[in-house]
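Working notes for the structure below.
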Amino acid sequence: MTRTVSATTAMAGLLFASGAVAQQPIDQNAQGPAPTPPPPDQNPAAPTTAPATMQPVTVTGSRPSEDFQTTRGSIFRMGAETLMDVPQTVIVINRALMNSQAATTLDQAVRNVPGVTIGSAEGGTIGNNINLNGFSARTDIYLDAMRDRGQYYRDTFALEAIEVLMGPSSMLFGRGSTGGVINQVTKKPGIKQATELSVQGTTNGLVRTTADVNTPFGENNAARVNGMFQWGKASTIDNTNVMDFGLAPSVKLGIGTPTEITLGAILQHRKDNINYGVPPLNGFPINVPRNVNYGLSDDYTEQDVIQLNATVDHKFSGDLRFRNQTEFLWVNTSVRQTSGGFVGTLGPNFGFVQAAAGPNNTPYSAAPLNQLYIRQLSRDRNINDITLENQAEVEAKFLTGPVGHLLLMGLDLNYEQYTNKTFTRSGSCNNIPLVAGSVGCTPAGFTVGAGTPGNVASVPGNYASSQAWGLGAYFNDTMQVMPWLKLVGGLRWDVYSAQFGNSINSVNTVGSTAVPYQFQTDYFTSVRAGAIFEPTKEQSYYVSYSTSFNPSLEQLTSTTGSQSLPPENNEGYEAGVKYEFLNGNLSTNAAAFQITKYNARTANADGTFTPTGTVRVKGVRVGAAGRITPEWQVFAGYAYLDARIIQGITNIGGVGNTTGMVPLNTPKDSGNIWTTYTIKDTYELGGGMFYVGQRYANNQNTVQVPEYFRFDLTAAYKQPTWELRANVFNLFNTMYYDSLMASDGGRAVPGSGTTGLLTFTYRM
């Protein structure tokens, strides 16, 4: 292509226009996968008339690189026109950052958020298990602001951005959100014809290809299709092969008119080998080679996902808007999985002898690695998740005297259904039977790679079935009291009614803690309040208070405890500042906060639960995203978390008191930085660092996982219609633990070793 103006002149014009463009309403990727990346403060925005001063400026070449900065959110109910007007921290990982890092999964993308840690899969919880600010966010994942509750592993092929809202947010989202909310923003059709095709290959043998095709039809309509296929070995760890494909079609009608209708779907199939990690030994993850996997060759995690959504957005006028959104989600997860559960040795008869902890946390075992064995556990199940939800919202702008209002009112109706059929494989170690649920034993130092022995049968276990109904009514008012002062207040009332049943103990035997049937209805009122001080358009100072709640049957998976438990109550305080530098091209933020969970459910020695716990996290976070110069951009953050179990468990099976302990998988310090520099609009060099501090794999703090630094690099050669990008992950081959889970005393999953990736992208 040829340029009608120089790149320097075009960049100056685009930066000058950023303030005006930032006032436009967001419509994520309304332009489709355009060959030319969008200007700064669009992500990308809907087509509007450009400022008059920009009419003569035409750029037919490419920007040095896409922007990491995002100034507007997609969530309608936040009641704010820009992120500066939200009285809480909001971190956005957009498509530009994901492309630069070659992040293809949700877990990989959210590592850019300090204070986020990853949990590994366990028996009753499959898929993405993310901790946010020290609290589980497994049921706080959303897709276009609709609850994405299913147990599956999420891909980024159909996503435009990922928004992370920090702190309790039940007023906005209903139940959950103790540490915050993770919202996935899907790609939407736009009025510009565009196609983007990519193919990737890694040094491990993984091949991945994606397609993104946007086609307008009629005067104001467009269709868009995103597709993905990948096959091969996902990491340097043994037995981590995947075969996945997905399709995300969508249609948008009436683009730019008062009534816009969007219909979309995400269809995915995955058949993967998941690494369940290593068990602890002597208070740390057992020290074995990184590539070791204790699973069997016939293991698999197979998942099918059907997500359907419909949105009607009608603007009665510039001051009155109605939006209705409906979602259907079905997820089936079929798992035949073997994990390394416990460490031991072989006794005199060559049977497995589990190593036992000594008093006062003395070492479990002094045996050398070549004498240690792992008892393998079966974690087989078939899970079905169904979610049906409808949200209707009205936004109105009006004046009461000198006070301006941005009022949001909404009604949320939802239905959820869950079934889980478990299976057990029980085998032997050197022909000596093991306890039920143990498949076999294997040497601790290497991967055996064998399949399940032929004489080990799969025996059906418990069948859990549950369903829930929910209703939430809410309003939020953002009041412009003074030109420099906004007050935010919101209230939500929820009713959540759930029931579950189990096939085990169906006759309710006296003394058994397995409940055959339980029904519970919870009512809760959530609040949100804040004040925002904006002395100039570049500055925003705020304080806020918010609450949330977690019903005891929220995950629809409880199988023990005969009494109804009250909801966990959460409250959060936050004070922060948001500041834009360099003519709005670099956004920064800083905040201090405290989150407290009351009525926290704590496990008793008999497997039941009592609502006696209190967990508190005090913290500080800072972040920056945007351009330092037109060629140099950065995305960075740091979080300090002082997390404590204020009131814990008096005694859990003899393990000990958890009062005063640090919640599992909560590092005190974590941070990241990613930066790129573009030379002559063609060459891009960059890289970054991810740091996670020391943390514990259980709430008893008996298994410690060391801190780590991981360094990645990227380099790209760009042309107007194509791009060749190279990424190197874990440059120094650091041995680190990627995710943790409390199961089996505290398991840890090693991260992948040094891996290279090459991506070719073609746009037309």
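The values are calculated or read from the model by the stated rules, or taken from the named source; none is laboratory data. Computed from a predicted structure; not experimentally measured. Cβ coordinates were reconstructed from backbone atoms using ideal geometry, including for glycine residues, and neighbour counts include every protein chain displayed.
The criterion of at least 2 residues that are in contact with a Lys or Arg (Cβ under 8 Å, 6 or more places away or on another chain), at pLDDT below 95 and of a type in the set (A, V, I, L, M, F, W, C) is met by the following strands (runs of 3 or more DSSP E) wholly inside the stretch 656-764: 737-741.
When the strands (runs of 3 or more DSSP E) confined to the stretch 296-354 are screened for residues that are at pLDDT 95 or above, those reaching at least 1 such residues are found at 300-317, 320-336. Filtering the stretch 136-145 for residues that are farther than 28 Å from V251 by Cα, out of contact with any Asp or Glu (no Cβ under 7 Å at 6 or more places or on another chain) and not in a strand (DSSP E or B) leaves a non-empty set. Are any residues in the stretch 132-183 over 24 Å from W493 (Cβ atoms), of a type in the set (S, T, N, Q) and buried (at least 24 other Cβ atoms within 10 Å of the Cβ), and if so, which ones? Answer for the stretch 132-183, where residues must be over 24 Å from W493 (Cβ atoms), of a type in the set (S, T, N, Q) and buried (at least 24 other Cβ atoms within 10 Å of the Cβ): N133, Q151. Answer yes if at least one residue in the stretch 189-209 is in the same structural domain as I266 (by TED's automatic domain parsing), touching a residue at least 12 places away in the same chain (Cβ under 8 Å), on the phi < 0 side of the Ramachandran plot and buried (at least 24 other Cβ atoms within 10 Å of the Cβ), and no otherwise. Yes - at least one qualifying residue is present in the stretch 189-209. Residues of the stretch 656-689 being out of contact with any helix residue (DSSP H, G or I) (no Cβ under 7 Å at 6 or more places or on another chain) and either surrounded by fewer than 16 Cβ atoms within 10 Å (Cβ to Cβ) or among the acidic types (D, E) (or both), which ones? Those that are out of contact with any helix residue (DSSP H, G or I) (no Cβ under 7 Å at 6 or more places or on another chain) and either surrounded by fewer than 16 Cβ atoms within 10 Å (Cβ to Cβ) or among the acidic types (D, E) (or both): N657, T659, G660, K668, D669, I679, K680, T682, Y683, E684, L685, M689. Of the residues A96, A158, which single one is at pLDDT 95 or above, assigned by TED's automatic domain parsing to the domain that holds I182 and closer than 20 Å to R270 by Cβ? Only one candidate qualifies: A158. The set of residues in the stretch 59-73 that are of a type outside the set (D, E) and modelled with pLDDT of 90 or more comprises F68, Q69, T70, T71, R72, G73. Restricting D477, D494 to residues that are in a strand (DSSP E or B), surrounded by 19 or more Cβ atoms within 10 Å (Cβ to Cβ) and either out of contact with any helix residue (DSSP H, G or I) (no Cβ under 8 Å at 6 or more places or on another chain) or modelled with pLDDT of 95 or more (or both) narrows the list to D494. Within the stretch 81-103, the set of residues being closer than 30 Å to V199 by Cα and not β-branched (V, I, T) comprises N94, R95, A96, L97, M98, N99, S100, Q101, A102, A103.
Is at least one residue of the stretch 368-377 within 23 Å of the chain's Cα centre (by Cα) and part of a strand (DSSP E or B)? Steps first, please.
Step one: filter the stretch 368-377 for residues within 23 Å of the chain's Cα centre (by Cα), giving none.
No, every residue in the stretch 368-377 fails to be within 23 Å of the chain's Cα centre (by Cα) and part of a strand (DSSP E or B).
When P433 is tested against (1) under 30 Å from E395 (Cβ atoms); (2) without any contact (Cβ under 8 Å) to a residue 24 or more places away in the chain, exactly one condition is not met: (1). Taking the stretch 568-634 as the region of interest, the strands (runs of 3 or more DSSP E) fully inside it that hold 1 or more residues being surrounded by fewer than 16 Cβ atoms within 10 Å (Cβ to Cβ) and modelled with pLDDT under 95 are 609-627. Do we find that G445 is part of a strand (DSSP E or B) and in contact with a Leu (Cβ under 9 Å, 6 or more places away or on another chain) in this structure? The answer is no for G445.
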